[in-house]
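The values are calculated or read from the model by the stated rules, or taken from the named source; none is laboratory data. The model shown is predicted, which means the values in this text are computed figures rather than measured ones. Here the Cβ is made from the backbone with ideal geometry for all residues, glycine too, and neighbour counts use every protein chain on show.
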Amino acid sequence: MLEFNGKSVYNALSMGKLHFLSSRVPTIKRLKISDTRAEILRFEAARNTAKEELQVLYKKSLTEVGEANAQIFQIHLMMLDDEDYFGAIRTMIQNQKVNAEYAVSYTSDIFARSFSEMDDEYMQARASDVNDISNRLITKLSGDDKDKNILTEPSIIVAEDLTPSETVQLDKEKILGFVTFGGSPSSHTAILARTMNIPAIIGTGEIPCSHHGENAILDGYSGAVFINPSDEKIADFKQRKALEEERIELLSSLKGKPNITKSNRKIDIFANIGGPSDLAAVIQNDAGGIGLFRSEFLYLQRKDFPTEDEQFAIYKEVAERMLGKPVIVRTLDIGADKQIDYFNLPKEENPALGFRAIRICLTDTNVFKTQLRALLRASAYGNISIMLPMIISLEEINRAKQVFEESKDELRLQNIPFNENIQLGIMIETPAAAIISDLLAPQVDFFSIGTNDLSQYTLAIDRQNSSLESFFDPHHTAILRLIEMVVKNAHNCGKWVGICGELGADMELTEKFIDMGVDELSVSPSYILKLREKIINLP
Ligand code: PEP
Ligand code: MG
């Protein structure tokens with residue numbers, strides 16, 4: 001039995017086969033080859049497959065994003081025909097008797113370096129193209145393709161780290177837990193684990209992929225991963241799993257009960273979701289509503305923009321299944337850690353401080369309006385509210401409202417029904433919004449505090465960077481003061497305020513939040529009953 005330790009981001013237990021995700025380029029080892037002819041043939045086959053793949057990508061982009069954007073694939077195709085580059089790789093395999101992966105990686109490094117040292121900017125940029133080609137070839141050579149990410153049986157996912165677009169591609173029904181070598185507690189993998197009620201352990205350091213397919217136990221209480229567990233460990237797991245199930249049973253007796261403290265102080269508990277597939281957990285855990293529907297997940301799961309009708313159908317389904325309970329849909333929040341290829345966003349030095357969320361919507365108002373129209377139409381079928389992410393100014397609210405009003409006018413002209421009293425709120429997740437919350441409150445119907453981003457921006461700590469863990473204090477006085485200030489400013493203006501970041505589920509703070517007057521906590525569905533239990537027992 002082997003043991004690896006990390007930090008648990010959700011307390012739960014599971015056992016199953018390890019499935020290593022291989023979306024990243026594997027580490028390259030130098031190996032001695034005896035049959036260099038066969039190795040060169042293997043390399044040529046990989047090169048041909050890469051060419052075929054690029055031709056398909058080129059044609060697809062030509063129709064979807066136009067000649068200018070498709071050109072990148074032409075450049076890569078040309079590189080795949082460059083005799084200097086390939087001659088050098090073949091010679092290296094032939095003369096030094098090394099494996100093709102190593103020859104590609106070594107030669108590409110040299111070519112990339114000489115490109116990056118050139119004076120001409122255009123030539124410098126070709127360095128990243130060489131790296132791209134090299135990665136594509138190495139992936140082909142090592143058979144380390146994306147289809148390996150298809151889960152054939154329930155498995156524990158192991159990866160260096162996972163981006164939201166990688167997690168959305170996984171078949172959720174088959175995920176037993178997550179282990180990431182890096183990662184952070186407010187990453188979307190952690191959020192997904194909490195929604196799904198499965199263990200997630202981050203920061204284990206590298207686990208060799210030779211353990212792919214082996215049996216393991218994830219202990220989300222202690223943060224340990226046991227590979228090939230002993231009989232004793234398995235027996236212990238079974239006993240604890242049975243206790244865990246008993247506890248879940250006990251919590252289910254709290255369904256239908258109000259969230260009221262012993263001294264009659266009340267707070268709403270809503271759920272955070274990424275799409276209709278999370279609704280079963282929301283209903284099962286008796287949420288009072290949906291406090292955050294991260295609508296960008298609808299965009300992440302696809303290869304192209306979702307149409308108004310497609311979005312309408314989804315929002316309508318959520319509104320209807322929630323039977324009149326509030327459903328707060330946050331408008332598109334992509335950028336930063338949530339990248340979507342078809343948006344063709346520029347690469348940025350600091351994506352968390354970059355072109356994201358409302359900034360994209362206010363720039364591409366067609367994308368924004370498509371979503372707003374879909375939401376407005378769905379508002380006729382339930383209790384939908386709209387929430388804007390990443391707001392920093394009054395100006396942004398005004399610009400968003402203008403598109404919102406235009407969308408309403410269009411629907412009125414088309415005689416399409418919608419809720420004329422639909423509420424519009426904002427997320428308070430930037431220090432700027434918190435500091436001017438007294439000015440913002442009169443302009444909106446409610447606030448929801450996004451503590452994941454509010455903490456990252458207040459403390460200047462990247463929420464994705466696990467190596468900063470020792471500097472990160474989720475209970476930092478600066479964050480608590482900002483929350484208190486936002487609650488006061490909202491209430492002074494007669495507006496309600498909730499918390500929808502991960503801190504909302506932090507039970508060490510529940511009493512403090514109630515004391516501050518927070519009106520609603522929106523948490524992962526698996527935390528709803530635990531939080532209710534905590535509240536019922538508060539003085
Ligand atoms: C937040 O920032 O706290 C939040 C709820 O939004 P997200 O985690 O999706 O950025
Ligand atoms: Mg956020």
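Anything in the stretch 231-261 that is in contact (Cβ under 8 Å) with a residue 24 or more places away in the chain and either in the same structural domain as L218 (by TED's automatic domain parsing) or in a helix (DSSP H, G or I) (or both)? List them, or say none. Give the steps one after another, and end with the answer.
Kept after step one, since they are in contact (Cβ under 8 Å) with a residue 24 or more places away in the chain, are these residues of the stretch 231-261: 233-234, 237, 240-241, 244, 251-252, 254-257, 259-261.
Residues satisfying the conditions are K233, I234, F237, R240, K241, E244, L251, S252.
Considering the stretch 409-418 alone, what residues qualify as being under 19 Å from R330 (Cβ atoms) and either part of a helix (DSSP H, G or I) or within 16 Å of ligand 1 (Cβ to nearest atom) (or both)? Spell out the reasoning first.
Taking the stretch 409-418 first, the residues under 19 Å from R330 (Cβ atoms) are 418.
Once the filter is applied, which keeps residues that are under 19 Å from R330 (Cβ atoms) and either part of a helix (DSSP H, G or I) or within 16 Å of ligand 1 (Cβ to nearest atom) (or both), the stretch 409-418 yields nothing.
Taking the criterion of being within 17 Å of F20 (Cα to Cα), in contact (Cβ under 8 Å) with a residue 24 or more places away in the chain and more than 18 Å from the chain's Cα centre (by Cα), would at least one residue in the stretch 180-194 satisfy it?
Checking the stretch 180-194: not a single residue is within 17 Å of F20 (Cα to Cα), in contact (Cβ under 8 Å) with a residue 24 or more places away in the chain and more than 18 Å from the chain's Cα centre (by Cα).
Yes/no per residue for (1) touching a residue at least 24 places away in the same chain (Cβ under 8 Å); (2) part of a helix (DSSP H, G or I):
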residue: P474; (1), (2): yes, no
residue: L480; (1), (2): yes, yes
residue: D515; (1), (2): no, yes
residue: S522; (1), (2): yes, no
residue: L531; (1), (2): yes, yes
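Residues in the stretch 435-463 that are in contact with a strand residue (DSSP E or B) (Cβ under 8 Å, 6 or more places away or on another chain) and away from ligand 1 (no atom under 12 Å from the Cβ): how many?
The qualifying residues number 7.
Does E317 satisfy the condition of being within 16 Å of ligand 2 (Cβ to nearest atom) and either at pLDDT below 95 or assigned by TED's automatic domain parsing to the domain that holds I499 (or both)?
Criteria not met by E317.
I need the full set of residues from the stretch 156-195 which are aliphatic (A, V, I, L, M) and either within 16 Å of ligand 1 (Cβ to nearest atom) or assigned by TED's automatic domain parsing to the domain that holds I528 (or both), in order please.
Start the filter on the stretch 156-195 by keeping residues that are aliphatic (A, V, I, L, M), which leaves 156-159, 162, 168, 170, 175-176, 179, 190-193.
Within the stretch 156-195, L162, V168, A190, I191, L192, A193 meet the criteria.
Sort out which residues of the stretch 101-115 are under 32 Å from the mean Cα position of the chain (by Cα) and of a type in the set (A, V, I, L, M, F, W, C), and write them in order of number.
Answer for the stretch 101-115, where residues must be under 32 Å from the mean Cα position of the chain (by Cα) and of a type in the set (A, V, I, L, M, F, W, C): just A112.
Give the number of residues within the stretch 420-436 that are away from ligand 2 (no atom under 16 Å from the Cβ) and of a type outside the set (A, V, I, L, M, F, W, C).
At the first step, the residues of the stretch 420-436 found to be away from ligand 2 (no atom under 16 Å from the Cβ) are 420-424, 435-436.
In the following step, the residues that additionally are of a type outside the set (A, V, I, L, M, F, W, C) were identified as 420-421, 423.
So the answer is 3.
What residue, among those in the stretch 497-539 that are out of contact with any Asp or Glu (no Cβ under 6 Å at 6 or more places or on another chain) and among the acidic types (D, E), is surrounded by the most Cβ atoms within 10 Å (Cβ to Cβ)?
Restricting to residues being out of contact with any Asp or Glu (no Cβ under 6 Å at 6 or more places or on another chain) and among the acidic types (D, E), the top hit is E502.
Any residue at all in the stretch 344-351 that is within 16 Å of ligand 2 (Cβ to nearest atom) and in contact with a Ser or Thr (Cβ under 8 Å, 6 or more places away or on another chain)? Show your work before the answer.
Filtering the stretch 344-351 for residues within 16 Å of ligand 2 (Cβ to nearest atom) gives 350-351.
Filter once more, keeping what is in contact with a Ser or Thr (Cβ under 8 Å, 6 or more places away or on another chain): none.
The answer is no, given that none of the residues of the stretch 344-351 is within 16 Å of ligand 2 (Cβ to nearest atom) and in contact with a Ser or Thr (Cβ under 8 Å, 6 or more places away or on another chain).
Just to be sure I understand, how many residues within the stretch 148-163 are farther than 22 Å from G223 by Cα and either in contact (Cβ under 8 Å) with a residue 40 or more places away in the chain or among the aliphatic types (A, V, I, L, M) (or both)? Step through it out loud before you land on a result.
Restricting attention to the stretch 148-163, the residues satisfying the condition of being farther than 22 Å from G223 by Cα are 148-153.
After this cut, where a residue has to be either in contact (Cβ under 8 Å) with a residue 40 or more places away in the chain or among the aliphatic types (A, V, I, L, M) (or both) as well, the list is 148-151, 153.
Number of matching residues: 5.
With the requirement that a residue be aliphatic (A, V, I, L, M) and touching a residue at least 40 places away in the same chain (Cβ under 8 Å), what does the stretch 333-352 give you?
Looking only at the stretch 333-352, we keep the residues that are aliphatic (A, V, I, L, M), and these are 334, 336, 340, 345, 352.
Within the stretch 333-352, I340, A352 qualify.
Is at least one residue of the stretch 485-492 in contact with a Pro (Cβ under 6 Å, 6 or more places away or on another chain) and on the phi < 0 side of the Ramachandran plot?
Of all residues in the stretch 485-492, those in contact with a Pro (Cβ under 6 Å, 6 or more places away or on another chain) come to none.
Checked against the condition, which is being in contact with a Pro (Cβ under 6 Å, 6 or more places away or on another chain) and on the phi < 0 side of the Ramachandran plot, the stretch 485-492 yields no hits at all.
If I go through the stretch 262-293 residue by residue, how many of them are surrounded by fewer than 17 Cβ atoms within 10 Å (Cβ to Cβ) and either assigned to a loop (DSSP other than H, G, I, E, B) or charged (D, E, K, R) (or both)?
5
Here are the criteria: (1) in contact with a strand residue (DSSP E or B) (Cβ under 7 Å, 6 or more places away or on another chain); (2) closer than 13 Å to S186 by Cα. Tell me which single one V486 does not satisfy.
(2)
If you check S466, S470, S437, which single one turns out to be crowded, with 24+ Cβ neighbours inside 10 Å and under 30 Å from P351 (Cβ atoms)? Even if it seems obvious, please write down each step before you answer.
Details: S466 fails: crowded, with 24+ Cβ neighbours inside 10 Å; S470 fails: crowded, with 24+ Cβ neighbours inside 10 Å.
S437 is the lone residue from the list that is crowded, with 24+ Cβ neighbours inside 10 Å and under 30 Å from P351 (Cβ atoms).
Tell me the residue from G335, G324 that is within 15 Å of ligand 2 (Cβ to nearest atom) and small (G, A, S), please. Quick ask: steps written out before the conclusion?
On the way: G324 fails: within 15 Å of ligand 2 (Cβ to nearest atom).
The conditions single out G335.
For a quick check of your reading: which helices (runs of 4 or more DSSP H) sit entirely within the stretch 294-396 and have at least 3 residues that are within 14 Å of ligand 1 (Cβ to nearest atom) and more than 22 Å from E410 (Cβ to Cβ)? I'd like the intermediate steps shown before the answer.
Details: elements: 296-300, 308-321, 358-363, 365-378.
Where helices (runs of 4 or more DSSP H) fall fully within the stretch 294-396 and carry at least 3 residues being within 14 Å of ligand 1 (Cβ to nearest atom) and more than 22 Å from E410 (Cβ to Cβ), they are 296-300.
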